[in-house]
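The values are calculated or read from the model by the stated rules, or taken from the named source; none is laboratory data. All figures in this text were calculated on a predicted structure; none of them were measured in a lab. Note that each Cβ is placed from the backbone with ideal geometry, even for glycine, and that neighbours are counted across all protein chains shown. Accessible surface is based on the protein model in full, side chains and every heavy atom, while ligands, DNA and RNA are left aside. Shrake-Rupley method; radii C 1.70, N 1.55, O 1.52, S 1.80 Å.
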Amino acid sequence: MKKVVFLGAKEIGRKCLTELFARQEELGFILLSVGTSPKGEGVREFCMRHKILMIADLDELLSLDFDILFCVQYHQILKPQHIFCAKEIAFNLHLAPLPEYRGCNQFSFAIFNEDKEFGVSIHKIDEGIDSGDIAFEKRFLIPKDCFVEELVELASEYGFRLFANHLKQMIKGEYRLMPQKDIYATKREFHLRNEINALKEVNLHSCGGRGFN
């Protein structure tokens, strides 16, 4: 029977953990341990309620014997020694299309770029950031006049469905991995967390010198 470790936070992390926990008997695996972040109150409460073992530090993975690692909105970048603790594979649910949007603030940049389409991806975790081979994805249209908060909600909804719909395949190893370099994309962007601050700045010199009342 396969052993699974889950790292996640935020509401979508709690939902994916709930799905994972509920389907252990159906899919024949054991949820061995869970890790979360300061934004993982819901994940933490779920683990306490169901008496699930929690890890406080990524280095605790080194002492665990497990096959599959799932990451959903986890706050830390995993180092190679953590990734390869998973004897079979480590998956990450990325709430953006790949290879177009790696890194952070994907929703804001998609709106800023006036994209018509967005998506969510499940990819193998490698030593890069959101650069691993893609196992599953779902694309969807961005509604007209969509705000960032709406896109976050849509991506979270589609992301949970993607995770739930393909959980059996991920547990059973019934998937094909597609290298991102083999996927055609009109753009390939990588954004760091603090880049979004530049979009919030107003350049008064570009206003033609006119004052404001």
For this session: Please identify every one of the trypsin sites (Lys or Arg not before Pro) in region 48-139 that sits in a loop by DSSP and has no more than 10 other beta carbons within 10 Å of its own beta carbon.
Result: Lys51, Lys116
Exercise. By per-residue mean of other Cβ atoms within 10 Å, what is the highest-first order of 11-17, 38-44?
Worked result: 11-17, 38-44
Problem set entry | Relative contact order %, the chain, counting alpha carbon pairs below 8 Å whose residues are six or more apart | 19 percent
For this session: Let me know the whole percent of all Cα-Cα pairs from the chain that are separated by more than 27 Å.
Result: 34 percent
Problem set entry | Accessible area (Å², per residue) of region 1-95, counting only protein heavy atoms and a probe of 1.4 Å | 48 Å²
Exercise. Expressed as a whole percentage, what fraction of the accessible surface of region 36-104 belongs to carbon and sulfur atoms when a 1.4 Å probe is rolled over the protein heavy atoms?
Worked result: 53 percent
Exercise. For region 4-49, what number results from the quotient of the Cα radius of gyration and 2.2 N^0.38 Å?
Worked result: 1.07
Exercise. Rg/Rh for region 69-185: what does it come to with C-alpha atoms and Rh from Kirkwood?
Worked result: 0.96
For this session: State in Å² the accessible area per residue of region 99-170; use a 1.4 Å probe, count heavy atoms of protein chains only, and round to the nearest integer.
Result: 49 Å²
Exercise. Residues with beta-carbon under 15 Å from that of Leu17, excluding Leu17: net charge, scoring Lys, Arg +1 and Asp, Glu -1?
Worked result: +4
